Amino acid sequence: MKSLTNLVIKYRKITVFAWIALAIGISLISQSMGTSYSDSNSLPNSESKIAQELMASSQTQASGSTTGSSVEIVFGSKDNVKLTAADIDPVLAKLNQLRYVSEAKSPFEINSRSVSADGTVAYSQITLNASGRDLPRDAIKELISQGQSFESSHLQIEFSGDSVARASQTMVSSSEGIALLAAALVLLITFGSITATVLPLLVAVLSLDILTANVALVSHAITTAQFAPTLASLMGLGVGITMHCLLLQDFDRNYTQVNLFRIQFQNHYLLPADRFSLPGSRFAFQSSVSSQLE
């Protein structure tokens, strides 16, 4: 490691440009190949897998369809007046006209147990004609928007399900931006220096770009979950900025020790302080001690 460190310090400009070129190259390759994320929960003979299969079988029997996912729509009475088919059927009729909707059954059908005992809450299952991963985010948002457009002082409408949760997720870039701002504030308070604040963040962003691109490329080779880039980003930011802070702290401690040595040396040999100017580097002494000692 020592030889590698010395090599990096010796060719520091080449090292910086090499990392920048690497980040740009990997990002371009990643964008051209795209991603292949897949949330696979295949755990044969496990209790969770058996429960998932039973739930999927139950939903298939209820909907009469073997393909596509589903979204739950919940109706609530704001004024505690019982809900009726006249309140709900127009909503479901509108949703049935949407492109990705296969069927939206009324909770008031015969033998349905989808209405609460007091009649103020009801739910219906909307069967989609595509799986959740194949549904565009805008399609789910349109479904929610069209449904909630029927809300009134009497009727409240809410949606739930995996597809709805994915459509409502905050974009990764937003969370990363908030994390970077928080890190910048902490670094600025800790070191009180713009340089010491910006430098770790630049290194973190560059590393984050390379890391995200690598995760996208790895998704083509092995099964990689959708949340993998977010998890990798949080770990990368946390570990990267922490290690950089340790390096800056070590540098500051060494600088303090050098200053103490300089003061002691000046007091002992009565050398003028201006002979120890430090242009460019805090450790670059410009004085010839031997000539003073003669």
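The values are calculated or read from the model by the stated rules, or taken from the named source; none is laboratory data. In this text, all values refer to a predicted model and were calculated from it rather than measured experimentally. Every residue, glycine among them, receives a Cβ derived from its backbone with ideal geometry; neighbour counts consider all protein chains shown.
Some notes on this structure:
- Residue check for His268: at pLDDT below 75 and surrounded by 15 or more Cβ atoms within 10 Å (Cβ to Cβ): no
- Number of residues in the stretch 64-94 that are modelled with pLDDT under 90 and closer than 11 Å to Ile157 by Cα: the value is 1.
- Candidates Gln97, Gln31, Gln52, Gln59, filtered to the one that is in contact with a strand residue (DSSP E or B) (Cβ under 8 Å, 6 or more places away or on another chain) and either modelled with pLDDT under 80 or not aromatic (Phe, Trp, Tyr) (or both): Gln59
- Residue within the stretch 233-253 that is closer than 30 Å to Ile144 by Cβ and either modelled with pLDDT of 70 or more or not assigned by TED's automatic domain parsing to the domain that holds Leu135 (or both) present: yes
- Restricting the first member to the stretch 136-154 and to residues that are more than 19 Å from Ser77 (Cα to Cα), and the second to residues that are aromatic (Phe, Trp, Tyr), the beta-carbon pairs closer than 9 Å and six or more apart or on different chains are Pro136/Tyr100; Ala139/Tyr100; Ile140/Tyr100; Ile140/Phe159; Glu142/Tyr100; Leu143/Tyr100; Leu143/Phe159.
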